[in-house]
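A.B. asks: Can you read through this structure? Questions will come right after.
Any read-out appearing in this document is the output of simple, stated calculations on the displayed coordinates, not a laboratory observation. Here the structure is a predicted model, which is why all the values come from computation and not from measurement. Neighbour counts are summed over all protein chains in view; Cβ atoms, including those assigned to glycine, are modelled from backbone coordinates with ideal geometry.
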Amino acid sequence: MQTRWDIGEPEKPTINADTEQMKSELLVLNMGPQHPATHGVLRIEIWTDSEIVAHAIPHLGYLHRCMEKHSENIDFRGVIPYVDRLDYLASMYMEWGYALTVEKMLGTEVPRRAELLRILTGELQRIGSHLMAFGTYALDLGAFSPFLYAFDYRERILRLFEEVSGARLLYNYIWIGGVWNDWTDEQLERVKTFCDDMEEEAKKYHELVSMNKIFVERTANVGVMSLQDCLDFGATGPVLRGAGYKWDLRKNKPYSLYSEFDFDVPVGTGEQGVPGDCWNRYIVRMKEVIESIKIIRQVMDKLEPGSIMGKVPKIIKLPKGEVYVRTEAPRGEIGFHMVAEQDQKTPYRLKVKSPCFTHISMLPRVAPGQMIADFVATVGSIDIVLGEVDR
Amino acid sequence: MNPHSTTHETASVKDYFGALFNGIKTTVVGMWITFRYVWGVKSVSIEYPEVREVLPERSRMRLFNDVQNCISCTQCAMACPVDCIYIASEKMPEGAEIKKTSNGQPIRLLLTQFTIDTALCCYCGLCTTVCPTECLTHSHDYEFSQYTIDGMKYDYLAPDVIAWRDRIVKV
């Protein structure tokens, strides 16, 4: 594994006269498991040559909780608290993907209001997740106050979720066949106010961070994941869209009621830097917040009173077979592959395809030749959640 | 040359001063946004131990079982994804009066143990949704740290735990 890294023609040495000597011994540094830039417990072994990264080797498994094996012993409803803990910043999407998987096998009709409420909670969750990504990314790059502003607005979303589901992070709100609780009109009004405020707030974030010279210098042209690399590795979500590829499952393979909604899929255009760099991945997230607000407003117009729970048997037993369902979570495509046996109360096998796992596997590709500080920016920009990677 | 380098080695004078001006301008704009928070923006944080937030109605905090209404149906234990509820019951002794729960269901079994390991509990709320007599509920009590992990096991038949009813459960 200890090979010399090659970044083409060596630059003219300024301080160290002997470049060959400098390259011959690489220093092994451990980034993590509790590095603030990794948002969880990820250890990255980086081999550095002075300030430049030669190799980066991610070591996973610090947050492994045997979720897939556990779910083989729990009934289908009981798996939902476990899938909550995959991507704990976007639990609604994890529940939603899992619920869609079971519903597809059961053939359950989900009532229209429940579908709309799922979209509403899902898009609010996407805003919350992207606010978290925004705040912590700015924090990684040394800006403290955006983190506080982002958390203020995320708190409003969490408060709504707390009122409607009972928990702030691990909701257990989207159930097989529908949703648990209905939203009251007062809460929906607050969502409307939130949308208006959030649009103003997003402009402020844009002025404060996106266009800031220091931020642009730290992120533009840094950690470029080219479109070809993204396609080869199977990247999804903001990483793929940041590289300029218009791919969003809500648009390309619509599930739920997304085909009824009118929204754009923002892609990285290279306004600053080049498509596929940290800045473009970041700006795709911020633009998605605006698109989510658009979707929420349309949900508000479509919402009508009605049932929120479809007809689901009291004890769920799936027919023999297997199904793979993928949905567009804030971090990319989350896929659930369910294998079920006849007359079994538990899944035979539940495999989760995690987007962040793919994105982490791209780190060794982009790391060589970067400065350590740029590498921190790259790790932050793919917005990993380790609960989903290790499961 | 390092492909990731962002240095502008061939910047013209115009580019140089343009970048300088841009840097100053965007920093001042950002600083002004932060500066406005010094006055005029209402504080959103609360000082926790002195000021407490009122929790929403559906908040899922520590579980409480009202044993007088429990019919020992063990549905909660079966629904629990982490198996943290331990229930034991036996037949009612001969000639004992069959009591009724608050919603009219007869209590046919004598509950001998109802223990919840709160350290295992994941607060998902599945047990409370299946409870037929709605005796198992999530209270709004969230301050219950213990020195030992055994202290997190609550026997809901113990008198001191029954006494919580007056303190934490809204009837």
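A.B. asks: Over the whole of A:204-212, what's the average partner chain Cβ count within 10 Å per residue? Rounded to a whole number, please. The partial results should precede the final answer.
C.D. replies: Numbers: counts 3, 1, 0, 5, 7, 3, 1, 5, 8.
Other-chain Cβ atoms within 10 Å of each residue's Cβ, averaged: 4.
A.B. asks: Next question, about the same structure. Going down the table (A:LYS317/B:LYS153; A:LYS204/A:LYS302; A:LYS320/A:LYS353; A:LYS253/A:LYS302; A:LYS345/B:LYS91), which pairs top 23 Å between alpha carbons?
C.D. replies: Check vs 23 Å cut-off fails for A:LYS317/B:LYS153; A:LYS204/A:LYS302; A:LYS345/B:LYS91.
A.B. asks: So, one more: Taking the square root of 5 times each eigenvalue of the Cα gyration tensor, what semi-axes in Å does the equivalent ellipsoid of chain A have, largest first?
C.D. replies: Computed over chain A, the values are 39, 25, 17 Å.
A.B. asks: Could you work out, residue by residue across B:22-34, how many beta carbons of other chains sit within 10 Å of that residue's beta carbon, and then give the average as an integer?
C.D. replies: Values: counts 4, 5, 1, 3, 10, 3, 0, 4, 12, 3, 2, 8, 7.
Mean partner shielding for this stretch: 5.
A.B. asks: Just grab the label-to-label distance for B:ARG58 and A:LYS104, each label 7 Å out from Cα along the Cβ direction, in nm (one decimal).
C.D. replies: The answer from the label model is 2.7 nm.
A.B. asks: Let me ask something else about it. Grab the DSSP H runs of the protein assembly as shown that are 4 residues or longer, score each as -39,500 (n - 2.57), total them, divide by all residues and round the 222 nm result to the nearest 500 deg cm²/dmol.
C.D. replies: -11500 deg cm²/dmol
A.B. asks: Could you calculate the contour length gain from B:LYS25 to B:GLU94, that is, 0.36 nm times the residue separation minus the distance between their Cα atoms, to one decimal place in nm? Don't skip to the end; give the middle numbers.
C.D. replies: Working: separation 69, 0.36 × 69 = 24.84 nm, distance 8.72 nm.
Stretched out fully, the B:LYS25 to B:GLU94 stretch lengthens by 16.1 nm.
A.B. asks: Relative contact order of the stretch A:75-357: what whole-number percent is it, with Cα pairs under 8 angstrom and at least 6 residues apart?
C.D. replies: Worked out over the stretch A:75-357, it gives 25 percent.
A.B. asks: Can you pull out the GluC sites (Glu not before Pro) in the stretch B:64-115 whose DSSP state is coil and whose Cβ has at most 15 other Cβ atoms within 10 Å? Walk me through the numbers before you get to the answer.
C.D. replies: Details: sites: B:GLU90, B:GLU94, B:GLU97; in loops: B:GLU94, B:GLU97.
In loop regions of the stretch B:64-115 (DSSP not H, G, I, E or B), the sparsely surrounded GluC sites (Glu not before Pro) are B:GLU94, B:GLU97.
A.B. asks: When a/c is below 1.5 the answer is rounded, else prolate if a/b is larger than b/c, else oblate, so apply that to the stretch A:287-357 with a ≥ b ≥ c taken from the square roots of the Cα gyration tensor eigenvalues.
C.D. replies: Here the stretch A:287-357 falls in the oblate category.
A.B. asks: Given N residues in the stretch A:154-200, what is Rg(Cα) / (2.2 N^0.38 Å)?
C.D. replies: Here the Cα radius of gyration is 1.21 times the empirical estimate.
A.B. asks: How would you rank A:305-314, A:373-382, highest first, on the average number of other Cβ atoms within 10 Å across their residues?
C.D. replies: Order by mean packing, descending: A:373-382, A:305-314.
A.B. asks: Only sites in a loop by DSSP and with at most 12 other Cβ atoms within 10 Å count here; which chymotrypsin sites (Phe, Trp or Tyr not before Pro) in the stretch B:35-104 make the cut?
C.D. replies: Passing both the DSSP loop test and the Cβ count: B:TYR37, B:TRP39.
A.B. asks: Whole-Hz ³J(HN,Hα) for each residue in the stretch A:382-388, computed from phi via Karplus 6.51 cos²θ - 1.76 cosθ + 1.60 with θ = phi - 60°, x for glycine and proline: what do you get?
C.D. replies: Result, ordered by residue: 7, 6, 8, 10, 6, x, 7 Hz.
A.B. asks: Please compute the average number of Cβ atoms from other chains found within 10 Å of each residue's Cβ in peptide A:138-147.
C.D. replies: Going residue by residue through A:138-147 and averaging, the value is 1.
A.B. asks: Rank these for me by crowding, A:ARG218, A:ARG391, going from fewest to most other beta carbons within 10 Å.
C.D. replies: Arranged by neighbour count, lowest to highest, A:ARG218, A:ARG391 become A:ARG218, A:ARG391.
A.B. asks: Turning to a different aspect of this structure: Assuming R0 = 45 Å, can you tell me the calculated FRET efficiency for the pair B:PHE35 and B:SER102, based on Cβ-Cβ distance, to the nearest 0.05?
C.D. replies: After rounding to 0.05, the efficiency reads 0.15.
A.B. asks: Please give the peptides A:127-134, A:357-364 ranked by average Cβ packing (other Cβ atoms within 10 Å per residue), highest first, as a rough proxy for protection. Working shown, then result.
C.D. replies: Values: A:127-134: 25.8, A:357-364: 20.2.
In descending order of packing, they fall as A:127-134, A:357-364.
A.B. asks: Can you tell me the mean projection area, over all orientations, of the convex hull of the stretch A:160-302's alpha carbons? Units nm², please.
C.D. replies: Its average projected convex-hull area is 10.2 nm².
A.B. asks: List every residue whose amide H lies under 5 Å from the amide H of B:ARG62, counting only residues 5 or more places away in sequence or on a different chain, with H placed 1.01 Å from N in the peptide plane.
C.D. replies: B:SER139, B:ASP141
A.B. asks: How are the C-alpha pair distances of the stretch B:63-168 spread across 10 Å bins, as whole percents from the shortest bin up?
C.D. replies: The percentages, shortest bin first, are 14, 48, 31, 7, 0.
A.B. asks: For the stretch A:325-360 and the stretch A:198-267, compute the distance between their C-alpha centroids and round to whole Å.
C.D. replies: About 23 Å separates the Cα centre of the stretch A:325-360 from the one of the stretch A:198-267.
A.B. asks: Between the stretch A:296-315 and the stretch A:141-183, how many Å separate their Cα centres?
C.D. replies: Each part reduced to its Cα centre gives a spacing of 19 Å.
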